[in-house]
Amino acid sequence: MSGPITVNLSTWHTYFTTYASNVTINGGNANYTIIDHGDNATITVGNGDQYIYAGGTGNVITIGSSPGGCGWYTDGDSDIYTGGNSFVFALGDGDVDVVGWGGNNFVSLMNGDQSVYLTGDNNFVSTLNGSDWVYATGANNTILLGTTTGNANNYNFVQTGGGAFVQTLAGQNDVYAAGNNNTIATGNGEQYIVARGTGNTIFIGDTPTASAYHCGYGWYRPESYIRTGAQATVVAGNGDVDVISTSGGDFIQVGDGNNEIYLLGCSTAGNDTVLLGNGNNLVFLAGAGNSVALGAGVNTIVAGTGCTDAFQVSATGGHTEIWNFKAGDELDLSQILAGETTGNTLADLAPYVSLSMHTEIVHCGWGYTTQIDTTILVHGLLGDATIELENYNAGSLEDFIAGNGACATSAFDSSHLAAFALSR
């Protein structure tokens with residue numbers, strides 16, 4: 001049979017199966033089991049625990065609310081199975097499980113704990129508030145979960161292919177995106193995001209800043225984690241955030257909090273831009289041509305292996321410790337000295353910049369050695385900054401301004417840091 005056929009089910013006639021295509025099936029508020037092996041089915045039922053299998057393509061399936069709860073007659077969830085190029089709508093709240101194959105499926109669900117499994121490319125999934133699980137293996141999927149007013153304790157899990165757009169709002173979110181050029185945006189909450197390909201864009205809201213609390217045998221403090229590849233854009237709100245990225249054309253911006261940023265890479269590394277908030281920041285750079293805007297808190301920076309990294313001191317000061325700084329790198333004082341001076345000669349800077357050296361005993365291999373560190377104090381209009389150059393003897397302020405030595409690339413070694421010089 002090829003239809004068109006219309007079947008109206010009563011609330012006591014709850015089981016129906018057909019092999020016809022182009023069939024329209026209508027039902028009321030009841031627990032239905034509907035099986036259609038044809039294509040282009042239109043199935044509309046009301047509230048209840050629904051089981052719908054539409055094995056063909058081009059289906060439109062609409063249900064009402066799912067009851068929730070459990071019992072010998074119902075698990076409280078509605079279950080929907082459909083082929084590609086299909087539409088699935090839940091017009092009421094409740095838990096719904098959707099399985100779709102073939103790609104180009106459109107799934108729109110309401111409040112509840114939803115589970116969606118889709119194969120193929122170009123799928124669309126939308127839910128409201130709840131703890132949702134979405135597994136979409138193909139590429140170019142759009143996944144929209146939750147609302148900004150949802151429960152912050154909700155947990156969402158998403159796994160998708162490349163070229164995806166994923167938006168998960170309130171709650172804790174785990175997002176795994178394969179391939180390249182994914183866009184991932186979350187609201188406030190604790191986030192765990194892994195998108196290892198290149199060209200990803202990742203935005204997260206604020207990570208909870210509550211003090212560490214006791215959990216089992218230890219202590220737990222909320223923290224977000226982001227792992228991505230080169231040419232990424234990562235923007236994070238306030239709170240503690242760890243970012244690990246393959247270096248090479250990355251843009252990383254973090255808010256106030258205890259942040260750790262690791263930009264890794266080899267021959268193609270470098271040319272990364274990092275904007276730090278106020279707090280305790282730890283940054284590892286690779287390659288050359290990196291730019292870091294320092295926060296007004298406490299910053300620890302390991303410069304790249306090249307010679308053209310730039311570090312901009314915050315207008316409101318802060319404390320920064322820089323390792324592996326070399327001739328050709330740059331310390332940018334334009335922000336902190338704005339309103340004080342625009343020059344870079346000794347006469348211009350001497351009233352605002354002071355320099356001193358001290359000797360430090362450090363562990364080296366099986367023994368100890370001494371190194372000479374340089375401390376730079378900058379007095380700005382809005383605050384003071386302290387910059388410590390580890391294992392570098394700057395000499396006089398005049399030498400410091402002019403820079404000394406040639407640019408010589410070197411790898412970072414925990415037992416010995418190459419000498420470096422500062423130029424402006």
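The values are calculated or read from the model by the stated rules, or taken from the named source; none is laboratory data. Predicted model only: the values in this text are computed from it and were never measured. A quick note on method: Cβ atoms are made from the backbone with ideal geometry, for glycine too, and the neighbour counts reach across all protein chains shown.
Set side by side, the residues Ala315, Ala338, Ala347 differ, and just one is under 22 Å from Asp399 (Cβ atoms), surrounded by fewer than 20 Cβ atoms within 10 Å (Cβ to Cβ) and not polar (S, T, N, Q), which is Ala347.
May I ask you to list the residues in region 224-267 that are under 16 Å from Thr300 (Cβ atoms) and part of a strand (DSSP E or B)? Selection gives Val241, Asp242, Val243, Ile252, Gly257, Asn258, Asn259, Glu260, Ile261, Tyr262, Leu263.
In region 103-119, is there at least one residue being of a type outside the set (S, T, N, Q) and over 25 Å from Gly64 (Cα atoms)?
Restricting attention to region 103-119, the residues satisfying the condition of being of a type outside the set (S, T, N, Q) are 103, 106-107, 109-110, 112-113, 116-118.
Adding the requirement that they be over 25 Å from Gly64 (Cα atoms) leaves none.
Checked against the condition, which is being of a type outside the set (S, T, N, Q) and over 25 Å from Gly64 (Cα atoms), region 103-119 yields no hits at all.
All of (1) modelled with pLDDT of 90 or more; (2) charged (D, E, K, R); (3) over 29 Å from Asn278 (Cα atoms) hold for Glu388 with one exception: (3).
Can you tell me which residues in region 158-203 are over 18 Å from Ala139 (Cβ atoms) and of a type in the set (Gly, Ala, Ser)? The answer is Ala170, Gly171, Ala185, Gly187, Gly189. Filtering region 8-19 to residues that are surrounded by fewer than 18 Cβ atoms within 10 Å (Cβ to Cβ) and touching a Ser or Thr at 6+ places or on another chain (Cβ under 7 Å) leaves only Tyr15. Only a single criterion out of (1) part of a loop (DSSP other than H, G, I, E, B); (2) modelled with pLDDT of 95 or more; (3) not polar (S, T, N, Q) is not satisfied by Leu128, namely (2). Can you confirm whether region 162-175 contains a residue that is without any contact (Cβ under 8 Å) to a residue 60 or more places away in the chain, surrounded by fewer than 19 Cβ atoms within 10 Å (Cβ to Cβ) and outside any strand (DSSP E or B)? Checking region 162-175: not a single residue is without any contact (Cβ under 8 Å) to a residue 60 or more places away in the chain, surrounded by fewer than 19 Cβ atoms within 10 Å (Cβ to Cβ) and outside any strand (DSSP E or B). Within region 260-293, can you find the residues that are modelled with pLDDT of 95 or more and among the aliphatic types (A, V, I, L, M)? The answer is Ile261, Val274, Leu275, Leu276, Leu282, Val283, Val292, Ala293. Annotation note: of Thr201, Thr228, the sole residue that is at pLDDT 85 or above, more than 27 Å from Thr316 (Cα to Cα), surrounded by 19 or more Cβ atoms within 10 Å (Cβ to Cβ) and of a type outside the set (Gly, Ala, Ser) is Thr228. For Ser410, the conditions (1) under 33 Å from the mean Cα position of the chain (by Cα); (2) surrounded by fewer than 18 Cβ atoms within 10 Å (Cβ to Cβ); (3) modelled with pLDDT of 90 or more all hold with the exception of (3).
Restricting attention to region 64-99, which residues are at pLDDT 95 or above and among the aromatic types (Phe, Trp, Tyr)? The answer is Tyr81, Phe87, Phe89.
Among the candidates Gly304, Gly249, the residue that is in contact (Cβ under 8 Å) with a residue 12 or more places away in the chain, small (Gly, Ala, Ser) and surrounded by fewer than 23 Cβ atoms within 10 Å (Cβ to Cβ) is uniquely Gly249.
Looking at Glu340, is it in a loop (DSSP other than H, G, I, E, B) and at pLDDT below 90? The answer is yes for Glu340.
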